[in-house]
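A short write-up of the structure that comes next.
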Amino acid sequence: MSSHWPILVATRIVRLAFLLAAVAVVAFTLAKLSPVDPVNAYLGPAIAKVGPEQRELIARKWGLDQPATVQFGKWFHNVLSGDLGTSRTFNAPVADVLAKRVQASLPLMGMAWLLSGILGFTLGVVAGARPDTWTDRIIRTYAYVLASTPTFWLAIVLLVVFSVGLSLTPVCCAAPIGVLPEDVTLLERLHHLILPLIALTVLGVAQITLHTRAKMVEIMQSDFALYARAQGASLADVAVRHGARNAALPAITVLFASLGELFGGSILTEQVFAYPGLGQAAVQAGISGDVPLLLAVALCLTLVVSVGNTIADILYRVVDPRIGAVHDLEARP
Amino acid sequence: MSFLQLERVSVGFMRYEGIFRQHELGLLEDLSFGVGRGEIVALIGASGGGKSLLAHAIFGILPRNAVVNGTIRIDGSVLDDTHRNRVRGRRMALVPQSLSHLDPMTRCRKQIGWAGQRAGHPLDRRKTEALLARYGLDERAANAFPHELSGGMARRMMIAIATVGDPDLVVADEPTSGLDTEATGGILRHLRSLADAGKAVLLITHSLAEVLPFADRVAVMRGGRLEAIEPSDRFAGAGETLASPYARALWIALPQNAFTPGGAEC
């Protein structure tokens with residue numbers, strides 16, 4: 001089996017390169033088709049004071065007077081040589097903006113991802129171990145309600161209840177307003193993280209719970225679960241040793257596949273909580289026609305989601321003995 | 001009284017007719033017989049006739065819409081849910097029908113270990129090796145995943161798992177289906193030696209010829225009912241000593257006998 005890994009990884013990398021190129025083309029085309037005019041967006045209210053000649057000057061300076069294909073070619077060439085360009089919105093190199101934003105978003109998204117995985121899996125196992133009991137019904141109802149709750153709405157409700165009503169949590173941002181970034185303590189950061197984290201976690205939990213539950217119900221009816229019962233195993237024994245172990249793989253796959261959704265959720269959550277993360281940067285880039293930043297965010301997201309899916313695939317091979325074996329047989333002459 | 005005693009046991013399923021009306025679909029009806037210590041009773045019936053349901057009913061692993069009536073006794077006491085939880089794996093064990101009864105993601109060694117814990121007989125490495133060696137299974141089989149075992153090895157593995165807790169009753173559900181003659185003989189000899197060691201063995205099968213040399217008595221089923229229970233030595237010659245005409249027809253229909261199919265369909 002080990003001899004297949006280099007080939008597998010190489011194909012994945014080539015595929016990923018093509019995918020990134022395709023996403024760049026599509027994202028660039030969409031950005032060009034968007035009605036947002038970068039110059040107007042840049043000028044904002046100052047637009048009244050600027051004549052057409054000056055606007056043309058700005059456009060020429062930015063290279064907007066050239067055909068779209070030339071613009072894309074230049075951008076693509078720069079990206080290949082490692083230069084992501086300059087963000088007009090933040091007046092800084094895109095790479096720097098990305099690095100700063102990822103730093104803020106990573107704890108939020110990472111923790112939300114882990115928590116929703118652990119919580120969702122546990123709830124799914126508990127619910128699926130004894131289908132149609134009250135525990136199952138409560139967990140299922142909870143998951144259905146969560147699954148149909150819009151993230152931004154939940155975020156607003158959390159803000160209204162905990163920040164405005166109970167004054168337990170801050171209303172916005174990743175740190176107290178008016179405090180220098182180097183003076184912010186870890187506790188303050190966590191305090192500002194709580195609500196966005198809850199909003200984002202709750203979004204992910206429902207899906208994992210329902211997937212795990214469905215798989216658990218199936219496993220608990222399987223021959224090997226019945227045989228374990230016939231051996232004198234308790235329900236908990238079967239649920240943990242056979243149920244959870246066998247349900248873990250599909251749950252992990254869903255978890256990795258849900259990375260894209262997590263990012264989508266983070267855009268909404270960060271927007272509501274004014275949390276200066278990657279999602280918020282993407283929104284600002286979109287609104288102000290900041291194409292280099294928008295493309296960089298899109299590529300970043302593509303990379304994360306694609307790598308996530310690849311990890312899920314590889315995990316399947318590592319964890320499930322049957323997949324590796326089939327591979328082995330196929331490879332033999 | 002026999003170690004395993006079935007008294008008017010029937011198994012059926014509740015089916016919905018339309019949306020509201022339910023009716024019971026009976027599959028096994030009015031089974032009464034016993035299996036004593038030291039004997040193998042072979043339960044013979046057509047495939048798909050619900051023989052396995054009886055095994056599942058004894059071990060309480062039927063689907064939820066199943067209805068079991070009648071009384072099952074183990075060593076004289078009625079097998080209700082609480083009693084079943086006490087004796088499952090410890091005093092009675094199941095040898096299941098197919099490989100799908102082993103967890104596909106777990107190595108066999110671990111599954112034997114789990115079975116040992118469940119039966120209250122935790123195994124160390126030495127005990128596991130000894131148990132496996134008794135059934136001709138080596139280190140490689142122990143470390144294999146279920147799908148890596150051959151059919152015969154898988155059956156021997158399942159017998160090993162079933163005997164982990166030294167049970168008094170072994171119920172083997174079609175333990176020889178899909179095996180060649182040699183492997184079949186091996187499996188049946190293992191079951192015979194369990195009976196000779198004083199255990200009660202209920203052997204569920206559809207193949208009369210295979211089990212006759214090993215079984216003490218044969219319970220013949222026909223359409224979900226028990227047709228007859230005959231000592232296996234009566235299946236001889238033209239079957240003159242067999243009490244039941246159906247059992248005689250079944251015996252005569254075997255290829256090595258007259259091979260006349262007259263009325264032998266179940």
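Derivation of every value follows stated rules applied to the coordinates shown; laboratory data play no part. Computed from a predicted model, the values in this text were never measured in an experiment. In this analysis, Cβ positions are derived from the backbone assuming ideal geometry, glycine residues included, and neighbour counts consider all displayed protein chains.
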Compute the distance from the alpha-carbon center of segment B:206-260 to that of segment A:230-280, in whole Å.
57 Å
With label points built 7 Å along Cα→Cβ from the Cα atoms of A:L303 and B:H121, find their separation and express it in nm.
5.9 nm
So for chain A, averaging the separation of alpha carbon pairs under 8 Å that are six or more residues apart and normalising by length, what relative contact order in percent results?
26 percent
To the nearest whole number, what is the average tally of beta carbon atoms from other chains within 10 Å of the beta carbons of peptide B:51-63?
2
Hey, with R₀ at 60 Å, roughly what FRET efficiency would A:L8 and B:S32 work out to, going by the Cβ-Cβ distance, to 0.05?
0.50
Highest-fluctuation residue, A:V297, A:V157, A:V205 considered, GNM on chain A with Cα pairs under 10 Å:
A:V157
Between A:K74 and A:V157, what is the label-point separation in nm under the 7 Å Cα-to-beta-carbon projection?
4.9 nm
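Could you tell me whether the protein assembly as shown comes out rounded, prolate or oblate from its Cα gyration tensor? Rule is a ≥ b ≥ c as square roots of the eigenvalues, rounded for a/c under 1.5, then prolate if a/b exceeds b/c, otherwise oblate.
On the way: a/c = 3.18, a/b = 2.59, b/c = 1.23.
The shape class here is prolate.
Tell me whether chain B comes out rounded, prolate or oblate; compute the Cα gyration tensor, take square roots of the eigenvalues as a ≥ b ≥ c, and use a/c under 1.5 as the rounded threshold. Intermediate results must be reported in sequence, preceding the final value.
Values: a/c = 1.67, a/b = 1.24, b/c = 1.35.
Judged from the Cα gyration tensor, chain B comes out oblate (a/c at least 1.5, b/c at or above a/b).
Mind checking A:231-240 for the average number of partner chain beta-carbons within 10 Å of each residue's beta-carbon? List each step's numbers first, then the result.
Numbers: counts 18, 18, 7, 2, 0, 0, 3, 2, 0, 0.
Mean number of neighbouring Cβ atoms from other chains: 5.
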Percent relative contact order of chain B, based on C-alpha pairs within less than 8 angstrom and at least six residues apart?
24 percent
Taking amide hydrogens as modeled 1.01 Å from N in the peptide plane, which residues meet the under 5 Å criterion relative to B:L27, leaving out close sequence neighbours?
B:V11, B:G12, B:F13
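Which FRET efficiency value, to the nearest 0.05, is calculated for A:T135 and A:L16 with the Förster distance at 41 angstrom and r the Cβ-Cβ distance? Let's see the in-between values first.
Working: r = 42 Å, r/R0 = 1.03.
In this case the efficiency is close to 0.45.
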Which whole-Hz ³J(HN,Hα) couplings does segment A:226-242 yield from phi under the Karplus relation 6.51 cos²θ - 1.76 cosθ + 1.60, θ = phi - 60°, glycine and proline marked x?
5, 5, 4, 4, 5, 7, x, 6, 6, 4, 4, 4, 5, 5, 7, 5, 9
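Indicate, rounded to the nearest 5 percent, the antiparallel portion of the DSSP beta bridges found entirely in the protein assembly as shown. Walk me through the numbers on the way to the answer.
On the way: 29 of 49 bridges.
Antiparallel: roughly 60 percent of the beta bridges in the protein assembly as shown.
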Sort by residue number and name the cysteines in chain A that have no neighbouring cysteine Cβ under 4.7 Å.
A:C300
Residues of segment A:249-267 with amide N under 17 Å of the 7 Å Cα→Cβ point at A:L30:
A:259-267
Against the longest principal axis of chain A, how steep is helix A:186-220, in degrees 0 to 90 to the nearest 10, with axes from Cα atoms?
40 degrees
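Pop the C-beta distance of B:S177 and A:L315 into the FRET formula with R0 = 35 Å and round what comes out to the nearest 0.05.
Working: r = 36 Å, r/R0 = 1.02.
That gives a FRET efficiency of 0.45.
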Read phi for every residue in segment A:9-17 and hand back ³J(HN,Hα) as whole Hz from Karplus 6.51 cos²θ - 1.76 cosθ + 1.60, θ = phi - 60°, with x for Gly and Pro.
5, 4, 4, 4, 5, 4, 4, 5, 4
Karplus ³J(HN,Hα) for segment A:85-100 (6.51 cos²θ - 1.76 cosθ + 1.60, θ = phi - 60°; Hz, whole; x = Gly/Pro) runs x, 10, 7, 6, 5, 9, 6, 8, x, 4, 4, 5, 4, 4, 4, 5
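Relative contact order of segment B:2-140, please, whole-number percent, based on alpha carbon pairs below 8 angstrom and at least 6 residues apart.
Details: 156 pairs, mean separation 32.8, N = 139.
With pairs under 8 Å counted, the relative contact order is 24 percent.
Take peptide B:100-108, look around each residue's Cβ out to 10 angstrom, count Cβ atoms belonging to other protein chains, and average those counts.
Working: counts 5, 8, 4, 12, 7, 10, 6, 1, 0.
Per-residue shielding by partner chains comes out at 6.
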Summing -39500 (n - 2.57) over the DSSP H runs of n ≥ 4 in chain B and dividing by its residue number, what mean residue ellipticity at 222 nm do you reach, to the nearest 500 deg cm²/dmol?
-8500 deg cm²/dmol
If amide H atoms are built 1.01 Å from N in the plane of the peptide, which residues on other chains or at least 5 residues away come under 5 Å of the amide H of B:R222?
B:E227
What is the helix-to-structure angle for A:321-331, meaning the angle in degrees between its Cα long axis and the longest Cα principal axis of chain A, kept from 0 to 90 and rounded to the nearest 10?
70 degrees
